[in-house]
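The values are calculated or read from the model by the stated rules, or taken from the named source; none is laboratory data. Bear in mind that the values here come from a model prediction, so they are computed numbers and not experimental data. Note that each Cβ is placed from the backbone with ideal geometry, even for glycine, and that neighbours are counted across all protein chains shown.
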Amino acid sequence: MGRGPYGVGMDLRVFTEPQQGATYDQLLRVARATEDLGFDAFFRSDHLMSIGGTDPGPGSTEAWATLAGLARDTSTIRLGTMVSSATFRLPGMLALTVATVDAMSGGRVELGLGGGWYEAEHTAFGVPLPPVGERFDRLEEQLRILTGLWTTPPGESFSFDGAHYTLSGHPALPRPVQQRRGEPVILRLSRRQRRC
């Protein structure tokens with residue numbers, strides 16, 4: 001636990017929802033203010049379009065492209081998503097993206113990953129949205145793949161054969177700059193809850 005800007009023994013983080021309409025320059029101003037004021041981190045949602053509003057403003061920015069820019073335009077705050085939808089990216093590509101942005105930031109990235117939920121944005125962008133149970137099954141496989149890719153010893157390859165994803169001979173590179181901060185934690189849901 002860090003010491004936030006007011007000497008309190010906790011991490012204080014700023015969270016933004018740019019899908020409601022925010023440009024990169026606006027997000028950069030917020031991220032730099034976050035850093036200048038001594039907060040610990042800047043997080044953003046990973047949505048593709050406005051939720052519930054009738055005025056989309058300038059539209060949403062793409063989460064990981066934005067974080068890549070912020071990785072170069074800030075120097076101390078941690079950067080991450082709350083949360084990236086597992087439906088938006090294949091796990092091998094997500095591992096590559098996160099590791100790249102982590103390197104660009106000097107090891108300041110945190111990945112929040114969830115199953116996905118907002119049907120309207122999936123429909124608008126042509127992204128399949130499976131039933132809830134399948135989304136959680138896919139999320140579990142993605143976490144196993146990400147962990148496997150980032151813990152495979154140097155010089156070895158990673159393979160995975162699951163119900164939803166198959167990887168064969170992945171070089172498991174690049175990997176994040178920072179050391180792992182802990183094992184992924186996922187909420188285990190009963191089959192009944194998964195059908196909701």
- Task: Name the single residue, out of those in the stretch 125-174 being part of a helix (DSSP H, G or I) and among the hydroxyl-bearing types (Ser, Thr, Tyr), that is nearest to the chain's Cα centre (by Cα).
- Result: 147
- Message: Suppose we keep only residues that are touching a residue at least 40 places away in the same chain (Cβ under 8 Å) and under 16 Å from residue 120 (Cβ atoms) within the stretch 21-63. Which one would you say is surrounded by the fewest Cβ atoms within 10 Å (Cβ to Cβ)?
- Response: 51
- For the stretch 105-122, state whether one or more residues are polar (S, T, N, Q), modelled with pLDDT under 95 and surrounded by 15 or more Cβ atoms within 10 Å (Cβ to Cβ). no
- Result of the Cβ filter at 7 Å on the stretch 1-20, keeping first residues that are part of a loop (DSSP other than H, G, I, E, B) and partners that are modelled with pLDDT of 55 or more and loosely packed, with under 14 Cβ neighbours inside 10 Å, at least 6 apart or interchain, is 1/9; 1/10; 1/11; 2/11; 3/9; 4/10; 4/11; 5/37
- Message: Scan the stretch 42-64 and tell me whether some residue there is modelled with pLDDT of 95 or more, out of contact with any Asp or Glu (no Cβ under 9 Å at 6 or more places or on another chain) and part of a helix (DSSP H, G or I).
- Response: no
- Query: Hey, among 98, 177, which residue is assigned to a loop (DSSP other than H, G, I, E, B) and in contact (Cβ under 8 Å) with a residue 60 or more places away in the chain?
  - Reply: 177
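Listed here are the residues, each with its yes/no results for (1) touching a Pro at 6+ places or on another chain (Cβ under 7 Å); (2) more than 23 Å from residue 94 (Cα to Cα); (3) among the charged types (D, E, K, R).
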| position | (1), (2), (3) |
| --- | --- |
| 10 | no, yes, no |
| 19 | no, no, no |
| 25 | no, yes, yes |
| 36 | no, yes, yes |
| 55 | no, yes, yes |
| 66 | no, no, no |
